[in-house]
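Beneath this line is the structure, given in structure tokens, with notes to follow.
Each value in this text was obtained by applying a stated rule to the coordinates, not by laboratory testing. It should be emphasised that the depicted structure is a prediction, and the values quoted were computed from it without experimental measurement. All Cβ positions, glycine included, derive from the backbone under ideal geometry; neighbour counts span all protein chains shown.
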Amino acid sequence: MNEPFTNRKIVLDTETTGMNTSGKIYLNHKIIEIGAVEIKNRKITNNNFHQYINPNRKIDESAFKIHGISNSFLKNKPLFSHIYLNFLNYIKNSEIIIHNASFDVNFLNYEFSFLNTKIKDITKICKVTDTLKMARVLFPGKRNSLDALCKRYKVISNRNFHGALLDANILAKIYLLMTSGQKSINFKILEEKNKKNISFSNYKNNRKPFFLKSSLKDLKNHKKYLNFIKK
């Protein structure tokens, strides 16, 4: 795990039972879903990681309205302690791409704090890149939520609820656009441009070359200019 990071990037998102801080009160909320999408050589692969997790606690109603994941659905899902090794093997030696990274990183570190393992901070084993911070540099003073970036980059999200794997897929597309300098991909415009961009070999060129001769006045003025710059 101490090997140099490769060009492999993992776009990651989590869903939770709720927010973990309320003023000075720590509410002991847990992760209930992890979704991760692999990018290799700037291409999204089909090598995903997706896992629902039993948090052993109730989900806040406010959180349920966001992701739609119920307590009954998670009842027979594995605990984080049962899946963390698979998760570590998937992300090791990779750069992790997260939107608002501190939220997900804090939750992951909180989960690891309950395990009998040396890993206590995910940033020690993976490089973490926060696309929210990137977006704030690219678009200062604007809204930079994932939904706002979808509209800005014209990425269709098609979602009624948030989901870790769904949001990771969306963020992977956004990240590639953010790091390519493009604001959107309009395939229809590209197609029209390709139709118009026909090579000259497709035309019969029967016209003779046309040369425009300079007048005597132009030649004299040009000679004066050459003499001037020589001085």
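Tell me, rounded to the nearest percent, the portion of alpha carbon pairs in the range 33-127 spaced more than 19 Å apart. Let's see the in-between values first.
Numbers: 2100 of 4465 pairs.
Everything past 19 Å amounts to 47 percent.
Looking at the range 8-178 only, what percent of DSSP beta bridges run antiparallel? Nearest 5 please.
Details: 17 of 24 bridges.
The antiparallel fraction comes to roughly 70 percent.
Please state the relative contact order of the range 8-178 as a whole percent: Cα pairs under 8 Å, 6+ residues apart? Walk me through the numbers on the way to the answer.
Numbers: 271 pairs, mean separation 48.4, N = 171.
Taking the mean separation of contacting Cα pairs over the length of the range 8-178, I get 28 percent.
If you add up the charges near residue 114, with Lys and Arg at +1 and Asp and Glu at -1, over every other residue whose beta carbon is less than 12 angstrom from its beta carbon, what do you get? Intermediate results must be reported in sequence, preceding the final value.
Working: positive: 30, 120; negative: 111.
Taking every other residue near residue 114 into account, the sum is +1.
Mind listing the phi-derived Karplus ³J(HN,Hα) values for the range 167-175, rounded to whole Hz, using 6.51, -1.76 and 1.60 with θ = phi - 60°, and x for any glycine or proline?
5, 5, 5, 5, 5, 4, 5, 4, 4
Find which of 55, 10, 84 sits farthest along the positive direction of the dipole of the range 8-178, computed with +1 on the beta-carbon of Lys and Arg, -1 on that of Asp and Glu, about the Cα centre.
Looking along the dipole axis, the top candidate is 10.
Percent of Cα-Cα pairs more than 29 Å apart in the range 8-178, please. Present the calculation step by step, with values, prior to reporting the outcome.
Working: 2513 of 14535 pairs.
Value for the range 8-178: 17 percent of Cα pairs lie more than 29 Å apart.
Give me 13, 130, 167, 60 sorted ascending by neighbouring Cβ count inside 10 Å, so fewest comes first. Walk me through the intermediate numbers first.
Values: 13 27, 130 18, 167 23, 60 15.
Starting with the residue having the fewest Cβ neighbours, the order is 60, 130, 167, 13.
How would you rank 126, 150, going from fewest to most other Cβ atoms within 10 Å of each one's own Cβ? Could the numbers behind the result be given before it?
Details: 126 21, 150 18.
By the 10 Å Cβ count, ascending: 150, 126.
Only counting other Cβ atoms within 10 Å, I'd like 155, 37, 128 sorted with the fewest neighbours first.
On the way: 155 18, 37 27, 128 15.
Listed from fewest to most nearby Cβ atoms, that is 128, 155, 37.
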